[in-house]
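Since the structure comes first, as structure tokens, the remarks are kept for the end.
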Amino acid sequence: MSNVLFDLNTRIKVSEDQVSSAVSNEIVILNLKTGTYHSLNPVGARIWQLIQEPKTVREIINTLLVEYDVEVDVCERDVNELLTKLESAKLIEVFHEKMA
């Protein structure tokens, strides 16, 4: 398995400080605080749709594994890469689960 940057139990949801719109099969996102536009390809757009409501990284990965022909390690790497970019652009909120 790949190095997981986000714990599988971490919850992710879109930030309140953005607006997004579907354009063809992609998503265009505007960060309302910075005025910066971002675009997501079709798989990124699917992840964006999934995180309209809080989802764990595990839920995101499991959904993509069912919907796309992709290996687990590739999916984990790509999801983590996208979430890292979205977090650094302040387009998502990240909620780390506390261990019991």
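The values are calculated or read from the model by the stated rules, or taken from the named source; none is laboratory data. Remember, it's a predicted structure, so these values are computed and weren't measured experimentally. For neighbour counting, all protein chains shown are included, and Cβ atoms are generated from backbone atoms with ideal geometry for every residue, glycine included.
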- Message: Please determine whether any residue of the stretch 1-8 is farther than 15 Å from K85 by Cβ, part of a loop (DSSP other than H, G, I, E, B), in contact (Cβ under 8 Å) with a residue 60 or more places away in the chain and small (G, A, S).
- Response: yes
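Among the residues of the stretch 9-59, write down those that are among the polar types (S, T, N, Q) and free of Cβ contacts under 8 Å to residues at least 24 places away in the same chain. Break it down into steps so the answer makes sense when it comes.
Taking the stretch 9-59 first, the residues among the polar types (S, T, N, Q) are 9-10, 15, 18, 20-21, 24-25, 31, 34, 36, 39, 41, 49, 52, 56.
Once the filter is applied, which keeps residues that are among the polar types (S, T, N, Q) and free of Cβ contacts under 8 Å to residues at least 24 places away in the same chain, the stretch 9-59 yields S21, S24, N25, S39, N41, Q49.
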- Can you name every residue in the stretch 43-84 that is farther than 22 Å from S24 by Cα and among the basic types (K, R)? K55, R58, R77
- So F95 clears everything in (1) modelled with pLDDT of 95 or more; (2) touching a Lys or Arg at 6+ places or on another chain (Cβ under 9 Å) except one condition, right? Which one? (1)
- Task: Could you tell me whether the stretch 54-65 includes any residue that is among the β-branched types (V, I, T), farther than 17 Å from K85 by Cα and in contact with a helix residue (DSSP H, G or I) (Cβ under 7 Å, 6 or more places away or on another chain)?
- Result: yes
- Task: Would you mind stating whether V57 is modelled with pLDDT of 95 or more, of a type in the set (A, V, I, L, M, F, W, C) and either within 12 Å of the chain's Cα centre (by Cα) or on the phi > 0 side of the Ramachandran plot (or both)?
- Result: yes
